[in-house]
Amino acid sequence: LAKTTQPISMDSYEGQEVNITCSHNNIATNDYITWYQQFPSQGPRFIIQGYKTKVTNEVASLFIPADRKSSTLSLPRVSLSDTAVYYCLVGGTTSGTYKYIFGTGTRLKVLA
Amino acid sequence: GAGVSQSPSNKVTEKGKDVELRCDPISGHTALYWYRQSLGQGLEFLIYFQGNSAPDKSGLPSDRFSAERTGGSVSTLTIQRTQQEDSAVYLCASSPGVGAYNEQFFGPGTRLTVL
């Protein structure tokens, strides 16, 4: 199953767009890519999911190139409340059973 | 509606003792997952249930770890003869189905400290 790596940390200012990239070179054909947000002492919370190309919802966009070996979460106009750890998750079946690999996590700090 | 709940929220135990962690998934969710998050680390997938069945237990860290789910609802993760390296936050999640395209809804976790 895909190994996933992310930048350890990023800083941004309020109102800026933030892009966080996850590398998953060994992604399999039937794997999906999901991004989660985690605040201290809480469980992760779903942000967005995709399989290929671009997906957009009310809070983020997800860009997945044709080879699917990476994905980029885009957060438009971040605010202080977006300070959190962001994880990509690659999940799918291998020989009929499912496995889920979380990325190493990116600690985003939004500055005023 | 109610989210995923886990109990206890915190557990302190002595090395060598057994512990049992409980997860109550969202009603109607057939899939249930256990993850471990060590201090300052990412999330490590342990096991998933499809209904009451766990098709693959290879993600459990050692044979001291076991998990079961009954009635397609509550799940327990049991750690026997706890070791200090078992100290971590144990997270449970559930989803409507087991496919990887399903959003997983996480509980707040159980913080386990082994002295």
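Below is a table of values for the structure above.
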{"item": "Residues of region B:1-22 classified as more than 11 Å from chain A (Cβ to nearest Cβ) and part of a strand (DSSP E or B), total", "result": "8"}
{"item": "Strands (runs of 3 or more DSSP E) wholly inside region B:40-115 containing at least 2 residues that are at the interface with chain A (Cβ under 8 Å from one of its Cβ atoms) and crowded, with 16+ Cβ neighbours inside 10 Å", "result": "B:43-50, B:88-95"}
{"item": "Unique residue being more than 14 Å from every other protein chain (Cβ to nearest Cβ), charged (D, E, K, R) and either surrounded by 19 or more Cβ atoms within 10 Å (Cβ to Cβ) or touching a Leu at 6+ places or on another chain (Cβ under 9 Å) (or both) when the list is A:Glu58, A:Glu14", "result": "A:Glu14"}
{"item": "Any hit, region A:72-89, residues being in a strand (DSSP E or B), of a type outside the set (A, V, I, L, M), closer than 18 Å to A:Asn25 by Cβ and more than 14 Å from chain B (Cβ to nearest Cβ)", "result": "yes"}
{"item": "Filter result for A:Asp31 (at pLDDT below 95 and buried (at least 16 other Cβ atoms within 10 Å of the Cβ))", "result": "yes"}
{"item": "Scope region B:26-46; condition out of contact with any Pro (no Cβ under 9 Å at 6 or more places or on another chain), within 15 Å of B:Ala93 (Cβ to Cβ) and without any contact (Cβ under 8 Å) to a residue 24 or more places away in the chain; matching residues", "result": "B:Gly42, B:Phe45"}
{"item": "Options B:Ser58, B:Ser73, B:Ser87: the member that is within 22 Å of A:Gly91 (Cα to Cα) and polar (S, T, N, Q)", "result": "B:Ser58"}
{"item": "Selection from region A:94-112 of residues that are within 14 Å of another protein chain (Cβ to nearest Cβ) and either touching a strand residue (DSSP E or B) at 6+ places or on another chain (Cβ under 8 Å) or of a type in the set (A, V, I, L, M) (or both)", "result": "A:Tyr98, A:Lys99, A:Tyr100, A:Ile101, A:Phe102, A:Gly103, A:Thr104, A:Gly105, A:Thr106, A:Arg107"}
{"item": "Residue, surrounded by the most Cβ atoms within 10 Å (Cβ to Cβ), within region B:13-39, restricted to residues that are under 10 Å from the mean Cα position of the chain (by Cα) and aliphatic (A, V, I, L, M)", "result": "B:Leu32"}
{"item": "Qualifying positions in region A:34-46 - crowded, with 16+ Cβ neighbours inside 10 Å and more than 10 Å from chain B (Cβ to nearest Cβ)", "result": "A:Trp35, A:Gln37"}
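The values are calculated or read from the model by the stated rules, or taken from the named source; none is laboratory data. Please read all numbers here as calculations on a predicted model, not as lab measurements. When we count neighbours, we look across all protein chains shown, and the Cβ atoms used for this are built from the backbone with ideal geometry, even at glycine.
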